[in-house]
Amino acid sequence: MDALPAFPFLRRRDAVLSRLESASLLLPAAPVRAKNADAEYRYRPDSEFFYLTGWEEAGGVALLRGFADEKRFLLFVPETSPEQEMWTGKRRDAREVQAACGADGVLPLERFADEAPELLAGGDRIYYRLGASERCDAAVRGALGRGRRLRARSGRGAHAVIDPGAALDDLRLRKDAAEAARLREAARVTVLAFEEALAAVRPGAGEWEVEAALEGGFRRRGARGPAYASIVAAGRNACTLHYCANSSVIGPEDLVLVDGGAEVDFYAADVTRTVCASDGAGEAAREVHAVVREAHRRALAACRPGAPLAGVHAVAVEALAEGLCGLGAVPGTASGIVEAKSYRPYFPHQTTHWIGLDVHDCGPYLEGGRSPVLEPGMAFTVEPGLYFPDGSCPAARALEGIGVRIEDDVLMTEEGAEVLTSALPAGAGPMGGRG
């Protein structure tokens with residue numbers, strides 16, 4: 001792939017520091033996660049930590065101090081250890097870290113417990129997520145104790161702890177150009193990998209074979225791997241929303257729901273397609289797919305600058321309610337189904353969620369009781385679906401065991417809604433049509 005634009009870490013930190021004013025922000029790196037007694041999962045940095053620092057290694061702590069005249073951005077990192085590096089690889093030393101991250105100072109992590117409480121105490125508030133790190137929890141408690149003493153004598157000192165999302169979430173909600181480039185690349189890689197994976201869908205194949213084709217396609221194209229646990233759900237498995245065992249054999253009459261996304265430079269794609277394993281799928285399956293495809297088409301059309309995010313969901317719900325009437329699944333009129341929310345047993349989730357560094361990225365779904373309006377830089381999914389588990393639909397038993405979801409990624413730009421994954425047909429495979 002072509003070189004992607006550099007992340008503007010300095011500009012992001014400057015924006016946060018201006019918001020902090022008399023406060024500080026403390027972000028620990030994500031811990032190393034153990035897979036079993038003597039093995040670890042591949043390391044992935046904490047999203048907030050990476051967003052502000054660009055530092056990808058374990059063990060660090062970032063400290064931003066809005067009230068300080070100097071040492072406004074400090075990093076604490078583990079000291080290098082030849083013995084440890086023999087097992088886990090070489091780490092950059094303090095000078096290399098400072099040059100790479102643009103920190104005002106890089107200090108040994110071993111000094112954090114002694115120095116952090118005093119560095120934090122001079123501000124009025126500390127943006128920190130309690131429970132994120134035992135080391136940082138202790139430093140915050142120490143800072144609050146010092147802050148109380150300072151406040152009694154000087155009128156200033158740390159006295160409150162606030163979730164970091166209050167300072168960061170709306171910045172992360174609106175993607176900059178470097179982030180948009182990663183989202184586009186993650187979408188491109190995902191579409192190409194999906195084409196390979198859907199070609200592997202056939203009667204007698206294991207769900208795991210489709211999963212392998214999908215995730216292999218991510219890695220071959222330079223992605224770090226899947227952004228989340230890939231779902232390959234054949235037949236009734238598709239009625240379990242977060243099914244990820246991927247251990248069943250695909251039957252000749254099955255629909256197969258594939259939900260996955262590549263992670264590129266820690267930015268996620270999130271795509272779902274539902275296809276026939278063969279021409280043997282029944283009429284009920286085709287009808288459900290057509291209903292979801294229409295809801296998907298209408299929901300994408302509702303993605304316009306200035307429109308409320310909740311409006312996308314409302315349009316999808318209306319289309320699904322009409323479809324449930326037509327399928328004979330729910331009695332009454334479409335408007336009555338919407339009003340009574342009797343569609344909920346078959347469509348229990350929202351149509352949209354934010355996407356970015358996290359596959360379910362930060363950002364509000366209500367602001368002051370109202371839905372946020374769509375603005376350039378916002379990225380989100382559009383994913384209507386219908387699910388009919390066994391025993392769920394006595395009015396139309398032929399629908400039971402069918403699950404269909406169709407999902408695309410959308411980036412709002414100055415020109416409008418850019419559907420990042422539009423190159424992958426919504427009706428891929430024997431279903432036909434782009435929807």
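Beta-bridge orientation, segment 9-171: approximately 50 percent antiparallel, per DSSP, counting only bridges with both partners inside. Whole Å is fine, so just give me how far the alpha carbon centre of segment 360-390 lies from that of segment 222-252. Taking the Cα centre of each part, segment 360-390 and segment 222-252 sit 22 Å apart.
In percent, what relative contact order does the chain have, based on Cα pairs under 8 Å that are 6 or more apart in sequence? It would help to have the intermediate numbers written out before the result.
Details: 918 pairs, mean separation 55.0, N = 435.
Reported relative contact order: 13 percent.
In what order do Ser18, Ser422, Ser24, Ser248 fall by count of nearby beta-carbon atoms within 10 Å, going from fewest to most? Spell out each step's value before the answer.
Values: Ser18 9, Ser422 15, Ser24 27, Ser248 18.
Fewest-to-most ranking of Ser18, Ser422, Ser24, Ser248: Ser18, Ser422, Ser248, Ser24.
Rounded to the nearest 5, the antiparallel percentage of DSSP beta bridges internal to the chain is 80%. Extension gain for the segment Arg92 to Thr80, taken as residue separation times 0.36 nm less the Cα-Cα distance, is 3.6 nm to one decimal.
The magnitude of the dipole of the chain, with charges of +1 and -1 set on the Cβ of Lys/Arg and Asp/Glu and taken from the Cα centre, is near 1120 debye.
Report, in deg cm²/dmol and to the nearest 500, the calculated mean residue ellipticity at 222 nm for the chain, where each DSSP H run with n ≥ 4 adds -39500 (n - 2.57) and the sum is divided by the residue count. Don't jump to the answer; show the numbers that get you there.
Details: 12 runs with 156 residues, N = 435.
The helix contribution divided over the chain gives -11500 deg cm²/dmol.
Rounded to whole Å, the principal axis extents of the Cα atoms in segment 9-171 read 50, 32, 29, largest first.
If you place +1 on the Cβ of every Lys and Arg, -1 on the Cβ of every Asp and Glu, and leave all else neutral, what size is the dipole of segment 174-431 about its Cα centre, to the nearest 20 Debye? It would help to have the intermediate numbers written out before the result.
Numbers: 22 positive and 35 negative charges, 29 e Å.
That gives a dipole near 140 debye.
Considering only Gly427, Gly216, Ala299, and ranking their Cα positions along the charge dipole of segment 174-431 that arises from unit charges at the beta-carbon of Lys, Arg, Asp and Glu, the one farthest toward the positive end is Ala299.
Remind me, relative contact order of segment 174-431 in percent, using alpha carbon pairs under 8 angstrom and six or more residues apart?
On the way: 592 pairs, mean separation 58.2, N = 258.
The normalised contact order for segment 174-431 reaches 23 percent.
In terms of surrounding Cβ atoms within a 10 Å radius of their Cβ, Ile402, Ile162 rank from fewest to most as Ile162, Ile402. Please report how far the C-alpha centroid of segment 146-183 lies from that of segment 266-311, rounded to the nearest whole angstrom. So the separation of the two Cα centres works out to 38 Å. Straight-line reach from Lys175: taking Cα to Cα under 30 Å and skipping same-chain neighbours fewer than 8 places apart, the lysines in range are Lys71. Taking a straight Cα-Cα cut-off under 12 Å and skipping sequence neighbours fewer than 8 places away in the same chain, the aspartates and glutamates within cross-link reach of Lys341 are Glu318.
Considering Cα pairs under 8 angstrom that are at least six residues apart, work out the relative contact order of segment 282-435 and quote it in whole percent. Write down the numbers at each step before the final one.
Values: 267 pairs, mean separation 40.5, N = 154.
Here the relative contact order equals 26 percent.
With neighbours defined as other Cβ atoms within 10 Å of a residue's Cβ, the residues Leu357, Leu214, Leu10 order from fewest to most as Leu10, Leu357, Leu214.
Only the coordinates and a few stated rules stand behind these numbers; no lab work does. Keep in mind that what you see is a predicted model, and the values were worked out from it rather than measured. Here Cβ is always computed from backbone atoms with ideal geometry, including for glycine, and neighbour counts include all displayed protein chains.
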